[in-house]
Each structure stands twice: as structure tokens, then as C-alpha cells.
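Here's the structure we're looking at; comments come further down.
Derivation of every value follows stated rules applied to the coordinates shown; laboratory data play no part. Quick caveat, the model's predicted, so the values are computed rather than measured. Positions of Cβ are generated from backbone atoms using ideal geometry, with glycine treated the same way; all protein chains shown enter the neighbour counts.
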Amino acid sequence: MDKIKLVLLLLLTVAIRHIHCLSIGFYAKRCPRAENIISRLVWLASRRDPSLPAALLRLHYHDCFVGGCDASVLLDSAYGYPPPEKIASPNQSLRGYEVVDLIKRVLESVCPLTVSCADILALSARDAVASAGGPHWKIPTGRRDSRLSSALIAEISMPRPLSSQAELKSTFFHHGLSEDELITLSGAHTIGLAHCKSIWDRLYNFGSGKLTDPSMNRNYAALLKMICPRNNRNSRMVVPLDPVSPFKFDNTYYKNLEKGFGLLASDQIIIHNKMASEFGRNATLWRDRFRKAMIHLSILNVKENNRGEIRRNCRRRN
């Protein structure tokens with residue numbers, strides 16, 4: 001398995017070196033209303049469900065971390081193809097598929113076979129951040145959709161809630177992202193929710209002593225134990241990633257880390273990085289860095305021209 005993992009990661013590392021030809025305003029002539037339609041539908045959906053912006057941002061993030069930003073995470077199981085990414089354990093809690101489906105149906109009625117599902121994910125993530133009070137940025141578009149989706153590659157490509165700092169750095173490096181971008185993009189956890197099973201080990205089974213992670217604020221840990229009881233590891237209960245402002249895209253996430261309020265172990269460990277402290281003091285700096293990091297993330301191993309297709313339905317290959 002280790003050899004398979006190494007080979008796949010090497011292939012991913014090589015793949016992200018692909019030189020892209022995306023452009024700002026790619027749909028200006030092809031489908032002039034595309035970006036406005038996406039922005040409007042994301043805004044409306046986010047008003048109905050304040051937790052949706054985090055779900056759409058996470059959907060794009062998980063897509064890009066497995067073979068590039070190519071909408072492979074949206075594909076359903078299909079005869080003759082390997083199990084798809086969405087059934088991999090890191091992806092089973094992903095949400096927002098229905099919103100993407102709605103956007104795609106509207107765009108297909110306006111501009112058939114023109115706007116890719118990969119671009120929908122990238123633009124939806126951007127607009128989701130803006131709808132939660134975060135920054136807005138221009139995204140180069142022109143991605144095409146992959147015909148491949150692999151649960152196996154997803155399993156080895158995605159960082160885990162209990163990943164060490166070294167493991168996180170290694171994972172980001174293999175995807176063409178720097179340590180600074182790791183710290184910057186971690187701030188996306190200023191919005192969103194996590195299931196109790198993501199933090200159960202931190203609460204009840206940390207280290208050889210099977211105790212509570214000592215880096216977690218004691219009062220915060222006690223509150224979490226009330227929501228996520230010891231005798232129900234697989235509870236469907238969820239807790240906010242940011243207990244202070246869970247639906248507002250701000251730099252409170254970094255301030256929380258200083259107080260031991262990082263929910264995931266992979267969150268709390270980044271407090272040892274000076275940049276995390278800097279972001280806690282300077283919201284403007286973080287928002288600017290976040291914009292740039294998201295643009296970089298969104299162009300990882302994009303599919304263009306004959307390397308992909310424009311799906312009619314984001315869940316199925318044409």
C-alpha cells in the first residue's frame with residue numbers, strides 16, 4: 001500500500017505542473033450571464049442555510065486535492081468505473097451537491113454544454129465566501145470536467161483531522177501548495193461544522209493515556225463532551241469549527257487558536273506557526289493572502305481542451 005501511495009502522490013505532483021490556459025472572463029462571450037447566475041443562486045441558497053457557504057467551499061477544496069480542480073468529486077458510482085471519490089471516508093460528510101445540481105440545470109437551460117462543473121465549483125466557492133462576509137476575487141475560468149474519479153486516490157490525498165504538522169505540510173507540498181498557504185487556507189475553518197467523530201479521539205483517546213488533548217481549552221473540552229458523549233463515537237451531532245462566529249468569515253479562527261479553541265487537532269497545531277498569530281492580529285493581511293491562495297488552489301491540474309469534457313449533468317459522464 002505504501003508503494004501505491006508513493007506512486008500516486010508522485011503522479012499527482014507531476015500533474016500539477018501542467019501549464020494552464022485559463023482566463024478571466026472566459027465566459028464573457030460564451031455565456032455572459034454565467035457568473036451572475038452562479039452568484040445569485042449561491043447567495044439565495046446561503047440565505048436559506050447559513051452553513052452552506054462552508055459546505056460549498058469544502059466541496060471545491062476536496063475536489064482540487066484529488067487530481068486537480070476537475071469536478072471529479074461530483075461523479076456518482078457508474079458501471080465499469082472504480083468507486084468514485086465521494087464515497088471515500090474523507091468525503092462522506094460533503095454537502096452542497098444539490099445546489100451545484102440546481103446551478104448546472106439553470107446554466108444548461110441558458111447556455112447548453114458551455115459551463116463546466118469544475119468552473120461551477122470554483123465560482124461557487126468564491127461566491128460562498130463572499131456571502132459569508134469574506135473577500136471576493138476574480139477567478140480564471142475555462143476548466144473542463146474529468147471523466148475519472150477514484151475513492152482510493154481520495155483516501156490518500158486528503159489530510160485528516162488528526163494529521164500532524166509534518167503530515168499536513170507534506171500533503172500540501174505534494175499538491176503544489178506551500179506551508180504559508182497551508183496556514184492561510186486553514187482559516188477557511190472560520191465557518192462550518194464538524195461531526196463529533198472528527199474530535200472524539202481528541203476528547204477521549206488522546207495519546208497513550210487515552211485522555212483529553214491538553215492543548216484544548218479545558219472549559220471548551222468540557223462543553224464539547226456534553227455535545228459529543230463518550231459512549232457515542234458515531235454521533236451525528238455537529239459542532240461549529242469556530243465557536244465564536246461560526247457563520248461569519250473572519251479571522252476569529254486564528255484568535256481562537258491562541259485560547260485553545262481549535263476544534264480539530266490539525267487546527268490547533270498550526271498555532272506554533274508565526275503566521276497564524278499574525279493573521280489573528282491582522283484581518284486585512286489574512287483576507288489578502290486567502291484570496292491569492294484560493295486562486296492558486298483553483299488552478300491545480302485543471303483539465304482543458306481535449307483533456308476533459310463539459311458534463312450535461314455534474315453527477316454523470318456524458
Legend entry - Sequence ranges 187-197, 121-131, 234-244, 44-54, ranked by mean other-Cβ count within 10 angstrom, highest first: 121-131, 187-197, 44-54, 234-244
Legend entry - Surrounding net charge for residue 51, when Lys and Arg each add one and Asp and Glu each subtract one, Cβ distance under 13 Å: +3
Inset, instruction - Determine the gain in length on full extension of the stretch residue 238-residue 173; use 0.36 nm per residue of separation and subtract their C-alpha separation, reporting nm with one decimal. - result: 20.4 nm
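Could you give the length gained by full extension between residue 226 and residue 313, i.e. 0.36 nm per residue of separation minus their alpha carbon distance, to one decimal place?
Working: separation 87, 0.36 × 87 = 31.32 nm, distance 4.24 nm.
This chain segment gains 27.1 nm when fully extended.
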Inset, instruction - Would you indicate which of [x] 113, 39, 34; [y] 58, 43, 34; [z] 100, 47, 35 is the value of Cα extents along the principal axes in Å derived from the coordinates of this structure? - result: [y]
Inset, instruction - Identify all lysines with a Cα-Cα distance to residue 292 below 23 Å; exclude those on the same chain that are fewer than 8 residues away in sequence. - result: 138, 169, 248, 255, 274, 303
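Treating only the Cβ of Lys, Arg, Asp and Glu as charged (+1, +1, -1, -1), what charge dipole size does the chain show about its Cα centre? Round to the nearest 20 debye.
Details: 45 positive and 28 negative charges, 95 e Å.
Result for the chain is approximately 460 debye, rounded to the nearest 20.
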Legend entry - Set of aspartates and glutamates with alpha-carbon distance to residue 259 below 13 Å, sequence-local pairs under 8 removed: 242, 267
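Based on Cα coordinates alone, diagonalise the gyration tensor for the range 184-313, multiply each eigenvalue by 5, take square roots, and list the semi-axes in whole Å, largest first. Display every interim value, and only then the final one.
Details: eigenvalues 189, 88, 35 Å².
They are 31, 21, 13 Å, listed largest first.
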Inset, instruction - Can you find, among 185, 206, 151, the residue farthest towards the positive end of the dipole of the chain? Put +1 on the C-beta of Lys and Arg, -1 on that of Asp and Glu. - result: 151
Inset, instruction - Spit out the partnerless Cys residues in the chain, using Cβ distances under 4.7 Å as the pairing rule. - result: 21
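Could the peptides 280-289, 205-214 be put in order, highest first, of the mean number of other beta-carbon atoms found within 10 Å of their residues?
Values: 280-289: 16.4, 205-214: 12.3.
Ranking the peptides 280-289, 205-214 by packing returns 280-289, 205-214.
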Inset, instruction - Give the cross-link partners of residue 225 among the aspartates and glutamates, using a straight C-alpha distance below 13 Å as the criterion and excluding same-chain residues fewer than 8 apart. - result: 201, 213
Legend entry - Computed lengthening from residue 288 to residue 113, 0.36 nm per intervening residue step minus Cα-Cα distance: 59.6 nm
